[in-house]
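Participant: Have a look at the structure that comes next, please.
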Amino acid sequence: METTATVPFSSTRAYVLEARYEFLRLLRTPSFSLPCLLFPPVFYLLFGVLLGGKGGPAVASYMLAGYGVFGVVGVALFGFGVTVAMDREQGLLTLKRAQPMPPGAYLVAKMAMAMLFAAIILLLLGALAAGVAGVRLAPMQWLLLSTTCLLGVLPFSALGLWLGTLVSGSGAPALINLVYLPMAFLSGLWVPLAMLPPVLQSMAPVWPAYHLAQLAQKIVGVDAGGSAWLHLGVLAAITGVFFTLARRRLVQ
């Protein structure tokens, strides 16, 4: 009875400790924490508030959703892709498999880390939007926008996990930037899609960030009018496909 009673506590504690250490590890890594936490709010202040001020609250709301997605995608891709590549290269994944810890604690810890960073980014963006840009959303809109962006960590974590299995730790940042930056621009996260050439606008649905951005923009009333179920289906498919591909490579 005594052994049975302590197993759930030990398992839970292992998940909590792994998540805590993963968060502190990346928080104390300036090359990760500073760009991830500062770039979305700074870019929003520059492009969404200062340069986009003439467009009024509508533009500020559009850019709030766009840069919220931009921040979440960056945390997920780099938080998974770079660290997984480094852990593989240094043999840390093999060491963790040999330890008496729940098999899923490694991935759950990284997911919790990504969501914590994403929550901080969303709080900073929300403060700027409400306090400086004049964005006025109903409490339910704020809640839905935050929830959508936080759950949006899932598909991009799966994508980042797969990318991290393809290259070494030193090559991972370059590979992820080659995916992240073009996807952010061509999905309309930095500037409205209407400002891009028609051929690029027509290609936007190819990018997964476009679908998360459309969900976020739908909540604040500035989306392109597509089906929310379509966007959810695409993101769910991306999560499943890339997680399966990554798992196959990790168990090889």
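Participant: Answer with yes or no whether Val75 is in a helix (DSSP H, G or I), closer than 23 Å to Val108 by Cα, of a type in the set (A, V, I, L, M) and modelled with pLDDT of 90 or more.
Facilitator: Spelling it out, Val75 is indeed in a helix (DSSP H, G or I), closer than 23 Å to Val108 by Cα, of a type in the set (A, V, I, L, M) and modelled with pLDDT of 90 or more.
Participant: Further, regarding this structure: How many of the residues making up the stretch 19-51 are of a type in the set (Phe, Trp, Tyr), over 18 Å from Thr83 (Cβ atoms) and crowded, with 20+ Cβ neighbours inside 10 Å?
Facilitator: Number of matching residues: 1.
Participant: So, of the residues in the stretch 29-78 that are among the aromatic types (Phe, Trp, Tyr) and more than 17 Å from the chain's Cα centre (by Cα), which turns out to be farthest from Ser157 (Cα to Cα)?
Facilitator: Phe47
Participant: Also: Tell me the residue from Leu150, Leu175 that is of a type in the set (A, V, I, L, M) and under 20 Å from Gly68 (Cα atoms), please.
Facilitator: Checking each option against the conditions leaves just Leu150.
Participant: Scan Leu154, Leu145 and give me the residue that is touching a residue at least 60 places away in the same chain (Cβ under 8 Å) and either out of contact with any helix residue (DSSP H, G or I) (no Cβ under 9 Å at 6 or more places or on another chain) or under 28 Å from Arg13 (Cβ atoms) (or both).
Facilitator: Residue meeting the stated conditions: Leu154.
Participant: Condition first: without any contact (Cβ under 8 Å) to a residue 12 or more places away in the chain and either small (Gly, Ala, Ser) or at positive phi (or both). Now tell me which residues in the stretch 181-199 satisfy that.
Facilitator: Once the filter is applied, which keeps residues that are without any contact (Cβ under 8 Å) to a residue 12 or more places away in the chain and either small (Gly, Ala, Ser) or at positive phi (or both), the stretch 181-199 yields only Ala194.
Participant: Any chance you could count how many residues in the stretch 60-113 are open to solvent by 20 Å² or more (accessible area, probe 1.4 Å) and under 14 Å from Leu125 (Cβ atoms)?
Facilitator: Number satisfying all stated conditions: 1.
Participant: Since Pro102 meets every condition but one in (1) in a helix (DSSP H, G or I); (2) out of contact with any Cys (no Cβ under 7 Å at 6 or more places or on another chain), which condition does it not meet?
Facilitator: It is condition (1) that Pro102 fails.
Participant: Specify which of the listed residues (Val191, Val167) is part of a loop (DSSP other than H, G, I, E, B), within 25 Å of Ile219 (Cβ to Cβ) and open to solvent by 30 Å² or more (accessible area, probe 1.4 Å).
Facilitator: Of the residues listed, the single one that is part of a loop (DSSP other than H, G, I, E, B), within 25 Å of Ile219 (Cβ to Cβ) and open to solvent by 30 Å² or more (accessible area, probe 1.4 Å) is Val191.
Participant: Out of the stretch 128-150, which residues are open to solvent by 60 Å² or more (accessible area, probe 1.4 Å), aliphatic (A, V, I, L, M) and modelled with pLDDT under 95?
Facilitator: Val132
The values are calculated or read from the model by the stated rules, or taken from the named source; none is laboratory data. This one's a predicted model, so the numbers in the text were calculated from it and none came from an experiment. Reconstructed Cβ throughout: ideal geometry from the backbone, glycine too, with neighbour counts over all protein chains shown. Keep in mind that these areas ignore ligands, DNA and RNA; they rest on the heavy atoms of the full protein, side chains included. Shrake-Rupley method; radii C 1.70, N 1.55, O 1.52, S 1.80 Å.
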